[in-house]
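Q: Okay, handing you the structure first.
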Amino acid sequence: MPDALFDDLPILEELGASLRAAMAAEEASAAASAPQAAARRRRPRFGWLGSFLVLGLVGTAAAAGTLTVLRGSPIPGPSARDAQPSMTPKRDSLRVLELRAPDPAGSVAAGGATPQLPFALRVGESEAGQLCASVGQLDGEDFGIVGADGRFRAMDAGIVDGCGVSAPGAPAVAGIRVFDARSWRDARTVIYGAGATNLNTATLTVRGVRRPLEVRDGAYLGAVLGYPEDSDLHLRLEYADGTRTFRALGQTERTILDPAGPAWRVDSFGSTISRHASKYCVTLRAQRVGLHPSDRLTNPELCARAGRITGPGSIAPDYMVEARTYSAAEVAAITGRDDAASRTLAWGWVRRSRITRVTVAGGADAVRVRRELNGEFARVMLPVASAAPLRVVLTTRTGQRIVLRGEGRWRGRTR
Amino acid sequence: MPLSAEQLSRVYDAHARAFVAYFARRVYDAELAVDLTAETFASAFTHRDGFRGESDDDVVRWLYGIARNEVGQYWRAGRVEQRAVAKLGVERRALTDGEYERIEELAALEPLRRRVAAELEAMPAEHAEILRLRVVEELDYGVVAARLGISEQTARARVSRALKALAVRLEPYLPTEEGSHA
């Protein structure tokens, strides 16, 4: 291609090169995935596109598990005008720690386009004397991230996830960092901390399973599949002087764990209908909705009309409960995810001053569920067979047990 | 014969500049014009199975059909859809000042802007003022209504009438498709 074509508009020259590379990679990928004989018949004659075919083959190699990845433009740091001294690491102080966390999407990467690069932690001292840390991935000696398009981009030194000052019994900087993906199954959460003086051990609990994290020089690093709220993550840090800290990661009091998928969320809200009447509702939805437009989402609600929401004269019920198995299509409408699966949901609201305990029995076990904030509760289960005992048991302040059996919707008052 | 990357690349080299000018004259913004050009070619490639033609001229005609849809979609949604570009992983940097000016020059936007300014001057003061507030200063309808002491509904209606009146005045000066990619 003559170089002088777009002399006055280099952007068109660059855009053309990017389009050609992408098209060649796409054609090469399509040819590689087809049966060999068919691929031979359909394979285009590349001619001058030959150089870009190399790029396509590199992509195929990356998918096969080598550490050679497609590259994108480096990610620039914030402009000097926007960067605070406390959040700006000095370039000569930057170093990538020896800690590595393998990409947990290994099996995903092997069959897809996402290269499998280990996670690492880059630290440096800010101009204000704080310790700054950035989470990234290593491609050879280059520190950066692999985007959803499968390309590795080096990250400028000015990009930091957080900065802080060391204090006894706490890391100078700690956090969780999500590496998002088009599907929740491919998202990854990286748990990190640095500048924790005398830190002995770091233990991550994932859905009840304990997993020790590597600790070096007061830093720790680990990576798990999925979003932080999906896996009931807890981090326990133990220091040389015996100090222990234990905290839940990525959850709110409204987060409801799914047995095998993304987390849910239960909420309540009130609205005024007229001067003397109010409506009180509880709703169940996905903690993080999928890719559908929001207007296609349908969240189940339980509502009650009341003279006043609380206090004397209230005619609101003391509990509103639903228990039933939602089909995959119904769950998809709630979560916005095409790959949703059927679930049995037992959820609702109880007046906290009247009902002290909620237990949901589904299939083999019975679980006391938390009543949160305004009394909302939920338990999400794998589909409970109709023959299995599905029960919601409410225990009142006076010890009375209200047993709600099977599927249905209930609304009532206690004595 | 199916459309190949090679043929589409050849057409890009010959016509990308004309497409950028075509878009710039319809969305009045050089950055958007480049985005729309990228999306048009990327979309043509991702939908290449739907191409029914052989020659490069056939490809160009097909591309202008896609381009018309892209412009319509832009005005409906208020943003450039970049599905095909994202699917292919095509990236671009921001325009330099020189490139910005060159695209405006190619699209003859400056004379068009002068024409718009002249037509605004010639419009009734009520129309000119409300277009200045809503279109030039990009104020919300609520703010426009407050400035003019009218209801928001009235402001919307006036803006709509003023835009239609301006479109009628500019009709003789707007490009035809043939002229824009000749």
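Q: Restricting the first residue to segment B:120-145 and requiring it to be modelled with pLDDT of 85 or more, which pairs with a second residue that is exposed (fewer than 15 other Cβ atoms within 10 Å of the Cβ) and not in a helix (DSSP H, G or I) meet a Cβ separation below 8 Å and a spacing of at least six or different chains?
A: Every condition considered, the pairs that remain are B:Ala145/B:Ser151.
Q: While we're looking at this one, here's another question. Assess whether A:Leu204 counts as being touching a Lys or Arg at 6+ places or on another chain (Cβ under 9 Å) and either closer than 16 Å to A:Ala101 by Cβ or within 14 Å of another protein chain (Cβ to nearest Cβ) (or both). Steps first, answer last, please.
A: Working: touching a Lys or Arg at 6+ places or on another chain (Cβ under 9 Å): yes; either closer than 16 Å to A:Ala101 by Cβ or within 14 Å of another protein chain (Cβ to nearest Cβ) (or both): yes.
Answer is yes for this residue.
Q: Looking only at residues in segment B:150-182 that are of a type in the set (Ser, Thr, Tyr) and within 21 Å of B:Ala108 (Cα to Cα), which one is modelled with the lowest pLDDT?
A: Applying the filter and picking the extreme gives B:Ser180.
Q: A further question on this structure: Taking segment B:18-60, which residues are among the basic types (Lys, Arg) and more than 19 Å from B:Leu8 (Cα to Cα)?
A: B:Arg25, B:Arg26
Q: Which residues, taken from segment B:76-98, are closer than 16 Å to B:Tyr28 by Cβ and either among the charged types (D, E, K, R) or surrounded by fewer than 18 Cβ atoms within 10 Å (Cβ to Cβ) (or both)?
A: Those that are closer than 16 Å to B:Tyr28 by Cβ and either among the charged types (D, E, K, R) or surrounded by fewer than 18 Cβ atoms within 10 Å (Cβ to Cβ) (or both): B:Gly78, B:Arg79.
Q: Any chance segment B:67-81 includes a residue that's within 14 Å of another protein chain (Cβ to nearest Cβ) and on the phi > 0 side of the Ramachandran plot?
A: Checking segment B:67-81: not a single residue is within 14 Å of another protein chain (Cβ to nearest Cβ) and on the phi > 0 side of the Ramachandran plot.
Q: Could you check A:Arg182 against (1) away from chain B (no Cβ under 14 Å); (2) under 19 Å from the mean Cα position of the chain (by Cα) and say which number it fails?
A: The failed condition is (1).
Q: Name the residues in segment A:4-42 that are at pLDDT 85 or above and more than 8 Å from chain B (Cβ to nearest Cβ), would you?
A: Across segment A:4-42, the qualifying residues are A:Glu13, A:Ala17.
Q: Please go through segment B:32-58 and give me each residue that is within 14 Å of another protein chain (Cβ to nearest Cβ), surrounded by fewer than 22 Cβ atoms within 10 Å (Cβ to Cβ) and within 23 Å of the chain's Cα centre (by Cα), ordered by number.
A: Listed by number, the residues that qualify are B:Leu32, B:Thr46, B:His47.
Q: Right, something else. Which residue pairs have Cβ atoms closer than 6 Å, lie 6 or more positions apart in sequence or on different chains, and pair a first residue in segment B:51-72 that is more than 14 Å from B:Phe41 (Cβ to Cβ) with a second residue that is surrounded by fewer than 17 Cβ atoms within 10 Å (Cβ to Cβ)?
A: B:Glu54/B:Met1
Q: State the number of residues belonging to segment A:152-174 that are over 14 Å from A:Leu121 (Cα atoms) and in a strand (DSSP E or B).
A: Qualifying residue count for the region: 5.
Q: Would you check which residues across segment A:87-104 are within 28 Å of the chain's Cα centre (by Cα) and either farther than 16 Å from A:Gly136 by Cα or not charged (D, E, K, R) (or both) and list them?
A: Answer for segment A:87-104, where residues must be within 28 Å of the chain's Cα centre (by Cα) and either farther than 16 Å from A:Gly136 by Cα or not charged (D, E, K, R) (or both): A:Met87, A:Thr88, A:Pro89, A:Val96, A:Leu97, A:Leu99, A:Ala101, A:Pro102, A:Pro104.
Q: Further question: Considering only residues that are outside any loop (DSSP other than H, G, I, E, B) and either more than 25 Å from A:Glu214 (Cα to Cα) or of a type in the set (S, T, N, Q) (or both), which ones fall in segment A:118-151?
A: A:Ser126, A:Ser134, A:Gln137, A:Arg151
Q: Mind checking which pairs have a first residue in segment B:89-111 that is within 9 Å of chain A (Cβ to nearest Cβ) and a second that is charged (D, E, K, R) and in a loop (DSSP other than H, G, I, E, B), Cβ under 6 Å, 6 or more apart or different chains?
A: Note: pairs meeting the criteria are B:Gly89/A:Asp149; B:Arg102/A:Asp8.
Q: Looking only at segment A:290-308, decide whether some residue is modelled with pLDDT of 70 or more, outside any strand (DSSP E or B) and in contact with a Ser or Thr (Cβ under 7 Å, 6 or more places away or on another chain).
A: There is at least one residue in segment A:290-308 that is modelled with pLDDT of 70 or more, outside any strand (DSSP E or B) and in contact with a Ser or Thr (Cβ under 7 Å, 6 or more places away or on another chain).
Q: For a quick check of your reading: which strands (runs of 3 or more DSSP E) sit entirely within segment A:175-223 and have at least 2 residues that are charged (D, E, K, R)?
A: Strands (runs of 3 or more DSSP E) meeting the threshold: A:209-216.
Q: Further question on the same structure: Mind listing just one residue for me: the one in segment A:376-412 that is closer than 29 Å to A:Thr252 by Cα and modelled with pLDDT under 85 and, of those, surrounded by the fewest Cβ atoms within 10 Å (Cβ to Cβ)?
A: Only one residue tops the list, namely A:Arg397.
Q: Still on this model: Mind checking whether some residue in segment B:11-23 is within 10 Å of the chain's Cα centre (by Cα), hydrophobic (A, V, I, L, M, F, W, C) and more than 10 Å from every other protein chain (Cβ to nearest Cβ)?
A: Yes.
Q: Kindly list the number of the only condition in (1) buried (at least 16 other Cβ atoms within 10 Å of the Cβ); (2) without any contact (Cβ under 8 Å) to a residue 40 or more places away in the chain that fails for A:Ala181.
A: Evaluating A:Ala181 over (1) buried (at least 16 other Cβ atoms within 10 Å of the Cβ); (2) without any contact (Cβ under 8 Å) to a residue 40 or more places away in the chain leaves (2) as the failure.
Q: Let me ask you something else. Kindly indicate whether B:Leu133 is crowded, with 16+ Cβ neighbours inside 10 Å and under 20 Å from B:His15 (Cα atoms).
A: So B:Leu133 fails the test.
The values are calculated or read from the model by the stated rules, or taken from the named source; none is laboratory data. From a predicted model like this one, the values you see are computed outputs, not experimental measurements. So basically every Cβ, Gly included, is an ideal-geometry build from the backbone, and we count neighbours across all protein chains shown.
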